[in-house]
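Since the structure comes first, as structure tokens, the remarks are kept for the end.
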Amino acid sequence: MREVIKNTDVQSLRKPKGARAFNVHAFLDSAGLTRTIVEYRRRQNIYSQGDPASTVMYIQEGGVKLSVVSSLGKEAVVALLGPGDFFGEGCLAGLPFRMGIATAITPTSVLVIQKEEMIRVLHEEHKLSDRFISYLLTRNIRVEEDLVDQLFNSIEKRLARALLLLARYSKQDEPQKRLPKISQETLAEMVGTTRSRVNMFMNKFRKLGFIDYNGKIEIHSSLLSVVLHE
């Protein structure tokens with residue numbers, strides 16, 4: 001059962017590259033904005049493919065997996081998101097239904113914003129508009145990089161890149177070196193390989209000192225050498 005909390009203090013939005021800082025408190029204090037935070041358990045669905053699309057969501061704590069399921073029941077992971085990321089913004093473009101599935105990969109706190117409220121505040125709060133546009137552009141670049149990664153890079157390099165992204169090494173602030181609990185099956189889905197191959201490379205990274213891996217995963221900056229090596 002998910003827990004809904006209203007009128008709760010929240011953290012500031014993280015400042016992405018090229019964007020000005022935006023204080024979430026000012027956002028919540030905007031006239032008429034419903035202040036709703038929803039808590040999800042690990043592996044709990046936030047929404048399902050085909051659900052009505054009427055809200056935009058912002059991750060305060062935890063992590064969210066976005067995935068799609070084919071008509072044959074095969075699931076593909078589209079993205080793994082963390083604190084400071086938006087999702088569900090397709091409703092702003094007129095999509096009536098969710099195109100995929102959003103699942104909490106760890107205990108997760110999500111700020112839920114109604115579509116009409118989000119549109120109104122984007123028009124009225126220029127700092128939020130700047131932050132949101134910057135986020136969307138950055139994520140589009142990430143999608144293109146993911147496609148190139150899948151087409152041209154080895155499984156080893158794709159796995160290293162996925163781990164670094166999960167550790168938030170792309171952020172301007174201090175990276176989160178300890179990953180939220182994530183299964184090798186999910187990593188395999190992200191990378192496009194089998195669990196056994198992921199296990200093999202995870203053991204290799206650990207032996208080389210790139211990661212500490214004993215139930216929980218800690219990432220060291222030396223893992224970057226795998227991605228940067230030609």
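The values are calculated or read from the model by the stated rules, or taken from the named source; none is laboratory data. Note that the structure is a prediction, hence the values are computed from the model and not measured. Note: ideal-geometry Cβ built from the backbone for every residue, glycine included; neighbour counts use all protein chains shown. Only protein heavy atoms, including side chains, enter the accessible area calculation; ligands, DNA and RNA are left aside. Shrake-Rupley method; radii C 1.70, N 1.55, O 1.52, S 1.80 Å.
With every protein chain in place and a 1.4 angstrom probe, the accessible-area ranking of Ile59, Ile105, largest first, reads Ile105, Ile59.
Evaluating 6.51 cos²θ - 1.76 cosθ + 1.60 at θ = phi - 60° for every residue in segment 41-57, the Karplus couplings come out as 7, 4, 6, 7, 6, 8, 8, 10, 4, x, 5, x, 9, 9, 9, 10, 10 Hz, glycine and proline recorded as x. For Asp85, the residues whose amide H sits under 5 Å from its own are Ile59, ignoring neighbours fewer than 5 places away on the same chain, with H placed 1.01 Å from N.
Note on Leu122/Arg195: beta-carbon distance plugged into 1/(1 + (r/R0)^6) with R0 of 45 Å gives a FRET efficiency of 0.65.
Net charge dipole, segment 104-160: roughly 80 debye, given to the nearest 20, about the Cα centre with Cβ charges of +1 for Lys and Arg and -1 for Asp and Glu. Here, segment 80-127 has an Rg and a Dmax of 12.3, 34 Å when only alpha carbons are counted. Against the criterion of solvent-accessible heavy-atom surface with a 1.4 angstrom probe, Ser109, Ser70 sort, most first, into Ser70, Ser109. Applying 0.36 nm per residue to the separation of Leu228 and Leu95 and subtracting their alpha-carbon distance, the gain on full extension is 44.1 nm. How far apart, in nanometres, would the label points at Thr138 and Phe152 be if each is projected 7 angstrom from Cα along the Cα-to-Cβ direction? Distance between label points: 2.4 nm.
Segment Leu72..His220, full-extension length gain: 49.4 nm, with 0.36 nm per residue of separation and the alpha-carbon distance subtracted.
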